Amino acid sequence: MSRKDLEYVVIAALIASGLYVAISGLVTDLFGLHQFALHRYAGYVCAALTVLHLALNWGRVTAYLRRRFGRPREREAPAPTRRERVSLLGRRQLLVSALAAAGGFVLGRLIPGRRLAELPYEAADVGALYHQWSKPGYSQALGAVLDWGGQPERYKTYADVERIALPDPHGYQGLSLEEAVETRRSVRDYSGEPLSQEELSRLLHAAQGITEHRWGFRAAPSAGALYPVELYAVVHNVAGVEPGVYHYAVREHGLELLQAGDFRAAVTQAGLWQTFLGQANVCFVLSAIFQRTRWKYRERAYRYVLLEAGHIGQNLYLAATSMGLGACAVGAFLDDDLNDLLGLDGKDEAALYIISVGKV
Ligand SMILES: Cc1cc2nc3c(=O)[nH]c(=O)nc-3n(C[C@H](O)[C@H](O)[C@H](O)COP(=O)(O)O)c2cc1C
């Protein structure tokens, strides 16, 4: 292989690896892949090829630099080559750029996106359609179809409401993790004894408490650490806490009182008349502000939000079990009624899950 051939091979490999790095970088960013090895290694290859390319063309590079920045005598010395005389945006370059742009545009139009009608499910099952539609696909990765909007506030706070500080949730030694996992059951019979503030505090901390203050990381994992889930407590029977609807203020580890009152009947009715919801000491309601995840994860966002609610629900289950309390997840409820109870619009933020907790 001649030196010229080697130069062409290096240039071709450099272009290919550069393109690969760019595309895998887009995919990495889009799906929040923190350690995407294929992107990193392609980056190393690209850097190595760049060095090789420079080494092969070192003479040209130094000659150019000498002419451009050297002493006046050196600058004048060698006559510029024909290639160098061509201006940066000569006619040929302009033509190639225009053709490339037109080609990209046409290709973008021609590459078919996945249309819902092509999916192997009946349109009646929106969940199955959504699952197919939200699979990673290059046409979606490279071309934004919808406006995914910007990033909203990370924390929700209510102005001008009464705030309750909660006791320190740390230091409790309950059942071990193994025992909690082994003995956890969905419990729907409660004794009616009041829950203590300490117990309420530990439950809230296990669900959404900040466990690493430097970065604001919480007890349950969250895609991209974006934390779309908000937590509400409909308090029926907690010693020293007025019954009512509260919002969990994550940063302050406190409760914000949204409405004082007896909401046992309201939450039972919203929960399709499952009576244990009114007999529990507290009903936690998990909601989601979808845009917190949507701006970054686009069509995958809805999957992530629901998965996160599951993580938080399990934390609540295990924390309750570890403290000898009973918990039960409830997914069957009247969405509009539950959203109304919490003052949510049901669109930007909507209730996802109820977890009732009570003394047994
Ligand atoms: C997503 C989800 C929704 C649920 N919805 C309800 C519900 O509406 N009412 C209820 O009594 N239990 C509900 N459960 C609790 C299940 O019935 C319970 O987990 C199941 O019977 C297994 O029992 P175990 O939790 O004791 O292992 C739900 C559980 C999950 C995970």
Would you please state the base-10 log of I(q)/I(0) at q = 0.18, 0.27, 0.30, 0.34 1/Å for the stretch 210-249, with intensities from the Debye formula using one equal scatterer on every alpha carbon? -0.65, -0.89, -1.00, -1.17
Angle, helix 301-322 long axis vs. longest principal axis of the chain, Cα atoms, 0 to 90°, nearest 10? 40
Residue-count net charge about Ile164 - beta-carbon cut-off 12 Å; Lys, Arg +1, Asp, Glu -1: -3
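Under 10 °C and 1.306 mPa s, how fast does the stretch 198-274 diffuse according to Stokes-Einstein, given a Kirkwood radius computed over C-alpha pairs? Answer in µm²/s, whole number. The partial results should precede the final answer.
On the way: Rh = 13.7 Å.
The calculation lands on 116 µm²/s.
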Excluding Leu257 itself, what net charge comes from residues whose Cβ is under 13 Å from its Cβ, given Lys and Arg +1 and Asp and Glu -1? -3
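Taking only pairs that are 8 or more places apart or on different chains, how many Lys pairs in the chain have Cα atoms under 30 angstrom apart? Before the final figure, lay out each step's value.
Values: Lys135/Lys296; Lys135/Lys347; Lys156/Lys296; Lys156/Lys347; Lys156/Lys359; Lys296/Lys347.
Lysine pair count for the chain: 6.
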Using a 1.4 angstrom probe on the protein heavy atoms only, could you order Phe105, Phe36 from most to least accessible area? Phe105, Phe36
Could you give the dipole magnitude of the chain about its Cα centre, charging the beta-carbon of Lys and Arg +1 and that of Asp and Glu -1, in debye to the nearest 20? 3640
5 Å is the cut-off here: which amide hydrogens, built 1.01 Å from N in the peptide plane, fall below it relative to Tyr353, excluding neighbours closer than 5 in sequence? Leu286
Heavy-atom surface of the chain, accessible at 1.4 Å and reported per residue (Å²): 58
Towards the positive end of the charge dipole of the chain, with charges on Cβ (+1 Lys, Arg; -1 Asp, Glu), say which of Ala327, Ala350, Trp148 has the farthest Cα. Trp148
The chain: angle of helix 58-69 to the longest principal axis, Cα-based, in degrees nearest 10: 90
Surrounding net charge for Val10, when Lys and Arg each add one and Asp and Glu each subtract one, Cβ distance under 13 Å: 0
Average projected area of the Cα convex hull of the chain, in nm²? 28.6
Once both labels are modelled 7 Å past Cα along the beta-carbon direction, what's the Leu56-Glu252 spacing in nm? 6.5
Using the Cα centre of the chain as origin and beta-carbon charges of +1 (Lys, Arg) and -1 (Asp, Glu), tell me which of Ala288, Val187, Ser134 is placed farthest towards the positive end of the dipole. Ser134
Computed Kirkwood radius, in angstrom, where 1/r is averaged over Cα pairs of the stretch 275-360: 13.7
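State to the nearest 20 debye the size of the charge dipole of the stretch 233-352 about its Cα centre, where the only charges are +1 on K and R beta carbons and -1 on D and E beta carbons. Working shown, then result.
Values: 9 positive and 13 negative charges, 117 e Å.
In total the dipole reaches around 560 debye.
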Among 196-205, 13-22, 93-102, how do they line up by average Cβ neighbours within 10 Å per residue, starting with the highest? 196-205, 13-22, 93-102
When the Cα centres of the stretch 253-270 and the stretch 276-314 are compared, how far apart do they sit, in Å? 18
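What does the helix-only formula give at 222 nm for the chain: each DSSP H stretch with n ≥ 4 adding -39500 (n - 2.57), the total divided by the residues, and the result rounded to the nearest 500 deg cm²/dmol? Show your work: numbers first, answer last.
Values: 15 runs with 170 residues, N = 360.
Helices in the chain give a 222 nm mean residue ellipticity of -14500 deg cm²/dmol.
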Would you work out what percent of the accessible area of the chain, with all protein chains in place, is carbon or sulfur (probe 1.4 Å)? 59
Along the stretch 210-224, Karplus-curve 3J(HN,Hα) (6.51, -1.76, 1.60; θ = phi - 60°) to the nearest Hz, with x for Gly and Pro, reads 7, 10, 9, 5, 4, 10, x, 5, 10, 4, 9, x, 8, 4, x
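The values are calculated or read from the model by the stated rules, or taken from the named source; none is laboratory data. Model, not experiment: these values are computed from the prediction. Reconstructed Cβ throughout: ideal geometry from the backbone, glycine too, with neighbour counts over all protein chains shown. Protein only, heavy atoms only, side chains kept; ligands, DNA and RNA dropped before computing areas. Shrake-Rupley method; radii C 1.70, N 1.55, O 1.52, S 1.80 Å.
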